[in-house]
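All remarks here apply to the structure that follows.
FYI, it's all coordinate maths here, none of it is from the lab. Bear in mind that the values here come from a model prediction, so they are computed numbers and not experimental data. No Cβ is skipped: glycine too gets one built from the backbone with ideal geometry, and neighbour counts run over all protein chains shown.
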Ligand code: BTN
């Protein structure tokens, strides 16, 4: 799959061929790209793997990355896109809009940057290194073609599950590259779209402590404002779980 992919993706995205590297297998596209960034790789470099042997998620989790069943994608960004909160929400909006436009499905955002459809996770995003002289944004989208392991079967979905058709990975990668290349480099204009797509805003969620709270606001810097009994709490990182069904 990887042999002609870089040339196809370059042609679809209007990028120079050398700015896109596609490998049959990597440990993790994020790990590999961070290594290359430290060695001076240029802004915008994209790494894609057909499979990952050690795909990584947020909070130390692993990301299911079997051969040919997902888009495993990382892009290198250099200043000025380095504010961690902004980068995380921007990546979620760019990816959600790309999937929605290309595949015709409305994808929701679960704070802070997981993408959901029908109450199940379709895509995970791992932004690393932000705030230094580079950031790597890694995106894993379940395309379909492999059964999920039992522990994911009830909570994960793929574009094939949703639309009945596995999308063209290279076309999706190219659209994602265009999305990042055209995204605003500063400011918070993407936050309106972030809030529109949020599956948490206005809903009751559970904090890690088990306490149920109402999500009343998402601030421009990505902070989640929750309320209970007149108390307001600002959550900056971590995870909350949805209490009632999926949106
Ligand atoms: C999450 O679900 O918490 C984030 C998952 C991010 C997965 C992508 S796949 C491409 C890139 N390489 C990795 O090792 N992780 C990200």
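What to note about this one:
- Estimated inter-spin distance, residue 146 and residue 11, nm [label 7 Å along Cα→Cβ]: 2.8
- Paramagnetic label reach from residue 163 (point 7 Å along Cα→Cβ; backbone nitrogen cut-off under 15 Å): within the range 186-214, no residues.
- Extension gain from residue 100 to residue 216, taking 0.36 nm per residue of separation minus the Cα-Cα distance: 39.2 nm
- Convex hull volume per residue, computed on the Cα atoms of the range 115-247, equals 148 Å³.
- Compared with the alpha-carbon gap, the fully stretched path from residue 43 to residue 155 is longer by 36.9 nm at 0.36 nm per residue.
- Here the chain is treated as a sphere whose radius is the Kirkwood value from Cα pairs; by Stokes-Einstein at 37 °C and 0.692 mPa s it diffuses with a coefficient of 179 µm²/s.
- Distance between the 7 Å Cα→Cβ label points at residue 171 and residue 67: 2.5 nm.
- Each eigenvalue of the Cα gyration tensor of the range 179-247, multiplied by 5 and square-rooted, gives one semi-axis; in descending order these are 25, 13, 10 Å.
- Modelled this way, with points 7 Å down the Cα-to-C-beta line, the labels at residue 232 and residue 27 are 4.5 nm from one another.
- Each principal axis of the Cα atoms in the range 60-158 has its own extent, and those three values, largest first, are 39, 26, 22 angstrom.
- Treating r as the C-beta distance of residue 209 and residue 132 and R0 as 35 Å, the FRET efficiency rounds to 0.65.
- Annotation for the range 185-247 versus the range 56-93: alpha-carbon center distance of 20 Å.
- Calculated [θ] (222 nm, deg cm²/dmol) that DSSP helices of n ≥ 4 give over the chain, each run adding -39,500 (n - 2.57): -8500 deg cm²/dmol
- C-alpha center-to-center spacing [the range 1-34, the range 96-157] in angstrom: 19
- Taking every alpha-carbon pair within the range 1-124, the share separated by more than 19 Å comes to 54 percent.
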